[in-house]
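Q: Got a structure here, written out as structure tokens. Questions coming.
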Amino acid sequence: MESLLWIIPVLPFIGFLINGIFGNKVPRSLSGIIASVAVLGGFIVSLLLFISLLGDENLSFTSKYFTWFHVGDLKLDMAFMVDRLTSVMLLVITGVGFLIHVYSIGYMHDDKDYSRFFAYLNLFVFFMLLLVMGSNYVLMFVGWEGVGLCSYLLIGFWFTNNNFNDAAKKAFIMNRIGDLGFLLGMFLIYQTFGSLNFDEVHSNAMTYAYGQPVLTTITLLLFVGAMGKSAQIPLFTWLPDAMAGPTPVSALIHAATMVTAGIYMIVRANVLFTLSVFTPEFIAVIGLLTALLAAFIGLKQNDIKKVLAYSTVSQLGFMFVALGVGAYTTALFHVVTHAFFKGLLFLCAGSVIHAMGGEQDIRKMGGLSAKLPVTHLTFLIGTLAIAGLPPFAGFFSKDEILVKVFASSPWMYGALALASVLTAIYMFRLYFVTFKGQFRGSHHQEEHLHESPPSMTFPLIVLAILSALGGFIGIPEIFHAPNLISEYLAPVTHFSSSYSARAVSHETEIILLVSTLLFLLVAIWFVYNKYVKRQAIPEPDEDIAGFGKTLAGKFYVDEIYTYLIEKPLNAISGLGYKFIETGLIKGVVDGTAQVVGALGLGIRTIQTGKTGTYLFAMVIALIAFMVIKFMI
Amino acid sequence: MNTLIAIAGIGIVAMIADILRIRKIIFPVAMAGLAIAAFTAVSDWNTNTRYFNDMMFFDNYAAAFSLLIVVIAIIWFVMAVPDLKTGNHYSDKSALVAFSLAGSVVMVSFSNLAMLFLGIEILSVSLYVLAASNKNNLLSNEAGFKYFIMGAFATGIFLFGVALIYGACGTFNLQEINAFVATNKSDLSGQMYTGVLLMIIGLSFKIAAAPFHFWAPDVYEGSPTTITAFMSTIVKVAAFGALYRLMAGCFSQINEWWTTVFIILSVVSMLVGNIMATRQSSFKRLLAFSSISHAGYMLLPLLTLSDLTGTSLLLYGAAYAFASIGIFSLVSVMSENDDESIDSLNGFAKSHPIKAILFSVLLLSLAGIPPLAGFMGKYYAFYAALKSGNTSIVLIAIISSLIGVYYYLQVIIAMYKPTGHTSASFRFTIYQNIVLWTCFLITLILGIFPQLIIGWL
């Protein structure tokens, strides 16, 4: 099995090379197929790995290819490691990735840069696989940076639009802030443990006592990295802007895979986080605030993709709350189900946008259910799943998070339950406004309305099935059925689970479950009344007032950042330019150049071209050496 | 050892081919011969055999340096073959090159000072002729003549050093000299030290380290471009191999004494090479000065002898040689236009966009920009010097490599400037394309995986 590991990342890389080097010389029909098949190949191998890992608990595949770097005590291997955690991530990346590739064949078919798109998409998958397969922090960081780069390239895919470029830059810069944290965390890990390999670091860490300050520092720095990549407060504003990219990109990168890298990283390093004091609480609070803030903002957004983007931020917040209370496997469970239903929702949104000829404002949609039956039905399933209604996937994972949170802190449970009710509200608002009621677009758009081609509806259907049934891999304990995913992942968090084993009684769990459900149903009924019965349409931007205005303005976070960070920075750099750059540095640099130039002129006089002079100079030099060595 | 025989065989076949009028076979034979030489160098790995009553010793360093020299020679041959073919003396020139290569293999595998001297002479005498091989060009004649006179002068100094050492310890054999130095460490005579100094200076001439570099710019500029490429790569690597072998094999015990000599040579070379290079308008002359500065960097690992010395020399040598040969393939195209000025490159990027990128990468590698091979070479060289505690020298090295960035960038900028008054056309043959891509790939690979060389010895 070890011998197969390299195939998984190499296939998409080959796809990238073919589409990247030959570009538009590759027949259009072929580039999408090449890219999809490359990812499908990875999926098949991942499936084989997954199956062979089912047997032995502590089995993991490691394959070392060569020593990448050896300086002093630092030895880095180019090695892949696949354990149960990685294999779950592999299935999500290659599985959902494959479906989104297939979808893109239909979605992008009119774009002139077809092959460039698939090249980037394959490159992204390659880096994402590197991220989860690397056997040390450095390889993970290479993947981490790589997916950041691809995200930048794909957000700004339509680079002729300057707003899109700005969005790409914003995503890149915000990620860099997080990356700095990750990098510093890595340095500190190396300093503390003398290694960067997962095995060595984590087994070494297990010998540490709980609450060492250095562990808290390391984990806080790593979490800063996760904040950037997984869009948590305060580094979340890039994700909604990232919706500038083509919709499949939003589905793949900004919903299903890349943004969950932060969660993967924390689960991977769960030993460090479990042993840290303060960091887990901090993560939980940040996650909770993010979940609430994003859910509130989602209530008043009218761009179909923006709603989904804020919902992603909010769902990521849920996952971080789970991580914060030590429920690592639960967080990963939610990563998986979220990949299904959020991928699905984004792809549906893409299908809607496709049918509407590029329109993204839900106030100009409505009544699409008749014209887009497949999209409508799958979107409904996705909505039910994300809202957390049984028996859809989101119900199981979200319920598990809520129960775990309740066990650790009831007030956090309350706040998170509120966020989950808000989720149901904004998602059903989105669903009703888009698909029910009267069509509100232009006449031209109405004629143009059509269901998407099979290459787009096929992934929708597959993802809808997964969103509907995917939750059964993690059935709650009260139903006395095995919780497959948490059992599968148990060895990964073996050390951590011995630390925090707080559980709630079955009665409490049932009460929690039923009460959350009731709240959800009431909320949905309320939304139904407003948008279907009374046919309300979200008001135009200029009519929004009061708190709604603050929500629609996204709590003015971007504006606050502008005043708090951007303006002062610009002022400082302006001063720096004026005094340090033009005054000091330019003077020194120009001065040095002049000195070097003058010296050159001086030395040049010896280089006469006359052999006699040269010989004489050599003899003088020889004598000089003699004098230096023997006389002085 | 078989490496040496295979290379000498190429030379003999080349001469016979001239008599039998089958000059066409020279290139295939040379390629095959060099491939065999490379193969035998690899197969000599870990054999540690001594030949001819301990005149030569094929240890791993010898094998590694021989292999590097042979690989550079293969690429060099591919680049040079169109140029060698023009004119009447294809077979003579090829034979001379082969003998010169044989000399360089001797230089990195000697274990007797007499063999070292022979190696240097075999290498040099062939080169004197090759430098002047463009018979109708006055500059080429001048270059050959200058090289010969100054080379003879340097050889004299070197031989004087060998004689003094023989006088002091009564032997030419490296091991015996080493043993002699070790036992009499405290009361070595001035004769011995003078001998060491003179040998170092003799070899400094070959590696073109300042202040014994005066010949280099003139000879590099005047010689046919392919020969210049040979001198600045293979000769330099071989001379450094010899220098390292000599210092580590014989005089490692008195290392504090000669370290100061190397420090002076290194600092002066880096400063003179880099500062002078900024003032050049001819690309070829710029490369001559830059090669002087690289000699300065390559002296850094020699400041202390450790495990890292040999490997970092090897890595630096490889990084420098492959980037240089790739760049010389451009210079050889420029030579055909009879215009080697940097300005004549204006408009190059427009007419050859991909090549411009490749050449830029090679130039940046010479400048030491990560993640290219040149950076890794410098990194390990500086690291080795730092480990020996010569922090101030490393500071000078860093400052002078900053100056280096300036003039390498000047060339790149020239390539990306729009066409000026001259619109020279550049005609690349398939040979030059192969060389360029090979060098580019090696430069990239060595930059990302320096372990390929560092992990070796």
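The values are calculated or read from the model by the stated rules, or taken from the named source; none is laboratory data. Given the structure is predicted, the values throughout are model-derived calculations rather than measurements. Neighbour counts are summed over all protein chains in view; Cβ atoms, including those assigned to glycine, are modelled from backbone coordinates with ideal geometry. To get the accessible areas, we keep the full protein, side chains included, count just its heavy atoms, and leave off ligands, DNA and RNA. Shrake-Rupley method; radii C 1.70, N 1.55, O 1.52, S 1.80 Å.
Q: Note the angle between two axes, namely the Cα long axis of helix A:162-193 and the longest principal axis of the Cα atoms of chain A, as a number of degrees from 0 to 90, rounded to the nearest 10.
A: 70 degrees
Q: Separate question: Using a 1.4 angstrom probe on the protein heavy atoms only, line up A:W68, B:W437 by accessible area, largest first.
A: Numbers: A:W68 55, B:W437 120 Å².
Putting A:W68, B:W437 in descending order of accessible area: B:W437, A:W68.
Q: Sort A:K530, B:K206 by accessible area with a 1.4 Å probe, largest first.
A: Values: A:K530 65, B:K206 10 Å².
The ranking, largest first, comes out as A:K530, B:K206.
Q: Across the residues of A:586-594, average count of Cβ atoms on other protein chains within 10 Å?
A: Details: counts 0, 0, 0, 0, 0, 0, 4, 3, 0.
Counting other chains' Cβ atoms within 10 Å and averaging over A:586-594 gives 1.
Q: Nothing charged except the Cβ atoms of Lys and Arg (+1) and of Asp and Glu (-1): what's the magnitude of the dipole of chain A about its Cα centre? Round to the nearest 20 debye. If you can, show how the numbers build up before the last one.
A: Numbers: 36 positive and 37 negative charges, 229 e Å.
Here chain A has a charge dipole of around 1100 debye.
Q: Next question. Return the Cα extents of chain A along principal axes one, two and three, sorted largest first, each rounded to a whole Å.
A: Between the extreme Cα coordinates on each principal axis of chain A lie 104, 61, 50 Å.
Q: Before rounding to the nearest 500, sum -39500 (n - 2.57) across all DSSP H runs of length at least 4 in the protein assembly as shown and divide by the residue total; then give [θ] at 222 nm in deg cm²/dmol.
A: On the way: 48 runs with 765 residues, N = 1089.
Calculated mean residue ellipticity at 222 nm is -23500 deg cm²/dmol.
Q: Summed for both chains, how many Å² of accessible area, to the nearest 100, are buried between A and B with a 1.4 Å probe?
A: On the way: alone 26520 and 16960 Å², together 40360 Å².
Buried area between the two chains comes out at roughly 3100 Å².
Q: Where does the charge balance sit around A:K75 when Lys and Arg score +1, Asp and Glu -1, over other residues with C-beta under 14 Å from its C-beta? Walk me through the intermediate numbers first.
A: On the way: positive: A:K64; negative: A:D73, A:D77, A:D199, A:E200.
Residues close to A:K75 contribute a combined charge of -3.
Q: Sticking with the crude label model, points 7 Å out along Cα→Cβ, report the distance from B:L441 to A:R440 in nm, one decimal please.
A: Taking the simple label geometry, B:L441 and A:R440 are separated by 6.0 nm.
Q: Continuing with this model, one more query. Using the heavy atoms of the protein chains and a 1.4 angstrom probe, tell me the accessible area per residue for the protein assembly as shown in square angstrom. Present the calculation step by step, with values, prior to reporting the outcome.
A: Values: 40360 Å² over 1089 residues.
The answer is 37 Å² per residue.
Q: Beyond a 32 Å Cα-Cα separation, which of these cross-linked pairs lie in this structure: A:K305/A:K567; A:K75/B:K284; A:K169/A:K586; A:K371/A:K533; B:K355/B:K378?
A: A:K75/B:K284
Q: Quantify, in whole percent, the carbon and sulfur part of the accessible surface of the range A:9-115 (1.4 Å probe; protein heavy atoms only). Don't jump to the answer; show the numbers that get you there.
A: Values: 3130 of 4500 Å².
Accessible surface attributable to carbon and sulfur in the range A:9-115 totals 69 percent.
Q: Taking a ≥ b ≥ c as the square roots of the eigenvalues of the Cα gyration tensor of the range B:167-212, is the shape rounded (a/c under 1.5), prolate (a/b larger than b/c) or oblate? Spell out each step's value before the answer.
A: Numbers: a/c = 2.81, a/b = 2.02, b/c = 1.39.
Cα axes put the range B:167-212 in the prolate bin.
Q: Here's something else I'd like to know. Based on the Kirkwood radius over alpha-carbon pairs, what is the Stokes-Einstein translational diffusion coefficient of chain B at 10 °C with 1.306 mPa s viscosity, in µm²/s?
A: Numbers: Rh = 21.9 Å.
It diffuses with D of about 72 µm²/s by this estimate.
Q: From the phi angles alone, apply the Karplus equation (6.51, -1.76, 1.60; θ = phi - 60°) to the range A:141-151 and give each ³J(HN,Hα) in whole Hz, x where the residue is Gly or Pro.
A: Going residue by residue, I get 5, 4, x, 4, 5, x, 5, x, 4, 5, 4 Hz, with x marking Gly and Pro.
Q: By its C-alpha gyration tensor, with a ≥ b ≥ c as the square roots of the eigenvalues, how is the range A:33-177 shaped: rounded for a/c under 1.5, else prolate for a/b larger than b/c, else oblate?
A: Working: a/c = 2.57, a/b = 1.37, b/c = 1.87.
Oblate.
Q: Then there is this: How high is the FRET efficiency between A:D590 and A:N24 when r is their beta carbon distance and R₀ equals 45 Å, given to the nearest 0.05? Don't jump to the answer; show the numbers that get you there.
A: Numbers: r = 46 Å, r/R0 = 1.03.
So, using R0 = 45 Å, E works out to roughly 0.45.
Q: Here is a further query. If packing is taken as the mean number of other Cβ atoms within 10 Å per residue, what is the order of A:118-124, A:477-483, highest first?
A: Working: A:118-124: 27.1, A:477-483: 12.7.
So the peptides A:118-124, A:477-483, ranked by packing, come out A:118-124, A:477-483.
Q: Can you give me the Cα centroid spacing of the range A:20-52 and the range A:336-368 in angstrom?
A: 25 Å
Q: For Cα pairs less than 8 Å apart in space and 6+ apart in sequence, what is the mean separation divided by the residue count of chain A, i.e. the relative contact order in percent?
A: Numbers: 990 pairs, mean separation 73.6, N = 632.
Relative contact order of chain A: 12 percent.
Q: I need the shape label for the protein assembly as shown. Rule: rounded when a/c is under 1.5, else prolate if a/b > b/c, else oblate, with a, b, c from the alpha carbon gyration tensor.
A: Working: a/c = 2.48, a/b = 2.13, b/c = 1.17.
In terms of gyration-tensor shape, prolate.
Q: Within the accessible area of the range A:204-298, what % is carbon and sulfur when the probe is 1.4 Å and the other protein chains stay in place? Intermediate values should be presented prior to the final figure.
A: Values: 1450 of 1910 Å².
Carbon-and-sulfur percentage of accessible area, whole number: 76.
Q: Any chance you could check the Cα centroid distance between the range A:480-523 and the range B:186-214 for me, in angstrom?
A: Result: 79 Å between the Cα centres.
Q: Over chain B, what is the mean sequence separation of C-alpha contacts under 8 Å (at least six apart), divided by residue count, expressed as relative contact order in percent? The partial results should precede the final answer.
A: Details: 765 pairs, mean separation 64.7, N = 457.
Over chain B, the number comes to 14 percent.
Q: Below 8 Å, C-alpha to C-alpha, sequence gap of six or more: please give me the relative contact order for the range A:278-552 in percent. Mind dumping the intermediate values first?
A: Details: 417 pairs, mean separation 69.2, N = 275.
The normalised contact order for the range A:278-552 reaches 25 percent.
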